[in-house]
Amino acid sequence: QVQLVESGGGLMQAGDSVRLSCAGSGRTFGGYDMGWFRQAPGKEPEFVASVSWLSTITHYSDSLKGRSTISRNNGQNTITLQMNALKPEDTAVYYCAANRGVGSLRDGHRSTVEYWGQGTQVTVSS
């Protein structure tokens, strides 16, 4: 069974930093982009960031660009998302995701993304 399991979320204050982790199991994600979506209450899932298999290509949403870093460790089958200078607008459930092809998460949506984790809540208070 293929699983993506997120961790690291919690209650934060504006200006804090958080590191989210995602551990994959059940397969090797060779050729897959891995990354993150987030979903705020009442909103559709929003692409956050992704990284390619060899970590040579990364994509970031405009709202996270410059204050976030995504990384990948294929030996551990994990990815991490470091977010700095958190804002209340970052409050959301953050979902780990994986899909074959470079750029496929950036261009993806709920019905096309192959694998999703269960999500981890990040709440940022002002």
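Out of the strands (runs of 3 or more DSSP E) lying entirely within the stretch 73-126, which hold 3 or more residues that are of a type in the set (Val, Ile, Thr) and at pLDDT 95 or above?
By residue number, 78-83, 120-125.
Examine the stretch 56-71 for a residue that is charged (D, E, K, R) and outside any loop (DSSP other than H, G, I, E, B), and state whether such a residue exists.
no
Does Glu44 count as in contact (Cβ under 8 Å) with a residue 60 or more places away in the chain, of a type in the set (Asp, Glu) and either over 20 Å from Gln3 (Cβ atoms) or open to solvent by 40 Å² or more (accessible area, probe 1.4 Å) (or both)?
yes
Looking at the stretch 31-46, which of its residues are in a strand (DSSP E or B), in contact with a Phe, Trp or Tyr (Cβ under 8 Å, 6 or more places away or on another chain) and not small (Gly, Ala, Ser)?
Tyr32, Asp33, Trp36, Phe37, Arg38, Gln39, Glu46
Which of the residues belonging to the stretch 67-77 are of a type outside the set (Lys, Arg), surrounded by fewer than 18 Cβ atoms within 10 Å (Cβ to Cβ) and on the phi < 0 side of the Ramachandran plot?
If the condition is that a residue be of a type outside the set (Lys, Arg), surrounded by fewer than 18 Cβ atoms within 10 Å (Cβ to Cβ) and on the phi < 0 side of the Ramachandran plot, then Thr69, Ser71, Asn73, Asn74, Gly75, Gln76 are the ones that fit.
The values are calculated or read from the model by the stated rules, or taken from the named source; none is laboratory data. All values derive from a computational prediction rather than experimental measurement. Positions of Cβ are generated from backbone atoms using ideal geometry, with glycine treated the same way; all protein chains shown enter the neighbour counts. These accessible areas exclude ligands, DNA and RNA; they are computed on the full protein's heavy atoms, side chains included. Shrake-Rupley method; radii C 1.70, N 1.55, O 1.52, S 1.80 Å.
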